[in-house]
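Let me begin by presenting the structure, written as structure tokens, before commenting on it.
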Amino acid sequence: MTYNLHPIIVHFPIALLFLYSLINIIPTHSWFPKITWKPIERFLLVVGTIGIFLAKSSGEMAENLTQSPSDIVKMHEVFANATTWFYIALVVIEFLPVVIHFMKKRKIGSEKIHTVLNNISNYISKKWLIVLLSLLGLLALFVTGLLGGAIVYGSTADPLAPIILKLLGL
């Protein structure tokens, strides 16, 4: 007997990445200034991003078990891939300073490499870019979930599904 684990696995990265995005989009840092947000953000982002890969893997197995229209499944996969790339970009932005610090401390690489990496880190770690990627990741996450719901429950179970499906030409 084969079980579809995808619906069980997929909800963890959704919840973690949803929280990560909300923390970055809404002014939580100014609302709760005594909280050290960076470790919380990094935990949510890393565990959520790892969860994306588990969800994608289980999704590939689930695709073989479903009788859903292939065009919706393919679009679900497209948005799942977009979600993955948005959050991978955020992982790079969050952890490049950590990698640079580690390299300097362990004397890995030359000063020129450290300077180049610092310049890249300073360029990409702008708050507006993190908010933009968080918004895009959240939007892609939303559409991925909506399409997943349409695959499982049909296109009329969610009142937004017909609208989104029509916008996507499905």
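Every number in this text was worked out from the coordinates using simple rules, so none of it is lab data. Keep in mind it's a predicted model, so treat the numbers as computed, not measured. A quick note on method: Cβ atoms are made from the backbone with ideal geometry, for glycine too, and the neighbour counts reach across all protein chains shown.
Among the residues of segment 6-17, write down those that are surrounded by fewer than 22 Cβ atoms within 10 Å (Cβ to Cβ) and under 13 Å from R42 (Cα atoms).
The answer is L16, and nothing else.
Tell me, yes or no, whether segment 99-115 has at least one residue that is in contact with a helix residue (DSSP H, G or I) (Cβ under 6 Å, 6 or more places away or on another chain), closer than 25 Å to I25 by Cα, in a helix (DSSP H, G or I) and not charged (D, E, K, R).
The answer is no, given that none of the residues of segment 99-115 is in contact with a helix residue (DSSP H, G or I) (Cβ under 6 Å, 6 or more places away or on another chain), closer than 25 Å to I25 by Cα, in a helix (DSSP H, G or I) and not charged (D, E, K, R).
Restricting segment 126-154 to residues that are in contact (Cβ under 8 Å) with a residue 60 or more places away in the chain and not aliphatic (A, V, I, L, M), which is surrounded by the fewest Cβ atoms within 10 Å (Cβ to Cβ)? Give the derivation first.
Here is the first cut: in segment 126-154, the residues in contact (Cβ under 8 Å) with a residue 60 or more places away in the chain are 130-131, 134-135, 137-138, 140-141, 143-145, 147-148, 150-152.
From what's left, not aliphatic (A, V, I, L, M): 134, 137, 144-145, 148.
On the way: S134: 22, G137: 27, T144: 25, G145: 19, G148: 23.
Filtering first and then ranking leaves G145.
Only one of these is without any contact (Cβ under 8 Å) to a residue 60 or more places away in the chain, surrounded by 14 or more Cβ atoms within 10 Å (Cβ to Cβ) and assigned to a helix (DSSP H, G or I): I93, I72. Name it. First the steps, then the outcome.
Values: I72 fails: without any contact (Cβ under 8 Å) to a residue 60 or more places away in the chain.
Answer to the check: I93.
Per-residue answers, yes or no, for (1) in contact (Cβ under 8 Å) with a residue 12 or more places away in the chain; (2) exposed (fewer than 15 other Cβ atoms within 10 Å of the Cβ); (3) touching a Ser or Thr at 6+ places or on another chain (Cβ under 9 Å):
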residue	(1), (2), (3)
T49	yes, no, yes
F53	yes, yes, yes
A89	yes, no, no
F102	no, yes, no
